[in-house]
Amino acid sequence: MPVIKVDDSSFEKDVIQVSLSCLVLVDFWAPWCGPCRMVGPVVDEIAHEYSGMIKVVKMNTDENPTTASNYGIRSIPTLMIFSDGQKIDSIVGAVPKSTLSSKLEKYLKDSVKKT
């Protein structure tokens, strides 16, 4: 599943109202941000590797200040994980793929236990 670009108007539909059985990874970024450009390809790889298990979306914080403000984004990149319409975790800064994968694996295992 490819990465989906979301904006203030589509965030509710594409992140909050997503199926109860799906994790959503949101990458809050901006084009001028060096660390964002470093983590962007990692997020793309995650989207490919976890296709069918999670939904991955990206939001440009410069173009969508309302949602960024609502979630208290003060540093970018910020990656947030949502489940059942609720933020369950966040990672601030450019992190290695292994860090992001292990966080996702934890929540994927937790969601399997619930079902």
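Every read-out reported here was derived from the displayed coordinates using simple, explicitly stated rules and does not represent laboratory data. Please read these numbers as outputs of a predicted model, since none were measured by experiment. Neighbour counts are summed over all protein chains in view; Cβ atoms, including those assigned to glycine, are modelled from backbone coordinates with ideal geometry.
With +1 on the Cβ of every Lys and Arg and -1 on the Cβ of every Asp and Glu, and nothing else charged, how large is the dipole of the chain about its Cα centre, in debye rounded to the nearest 20?
360
List the chymotrypsin sites (Phe, Trp or Tyr not before Pro) within the stretch 1-106 that DSSP assigns to loop and that have no more than 14 neighbouring Cβ atoms inside 10 Å.
Taking the stretch 1-106 and a limit of 14 other Cβ atoms within 10 Å, the loop chymotrypsin sites (Phe, Trp or Tyr not before Pro) found are TRP32.
Tell me the label only: which of (i) 10, 18, 23, 18, 13, 10, 7, 2, 0; (ii) 14, 52, 31, 3, 0; (iii) 10, 15, 12, 13, 13, 14, 15, 6, 1, 0 is P(r) over Cα pairs in 10 Å bins from 0, in percent as calculated from this structure?
(ii)
Lone cysteines in the chain, going by a 4.7 Å Cβ-Cβ cut-off?
Within the chain, the cysteines lacking a partner Cβ under 4.7 Å are CYS22.
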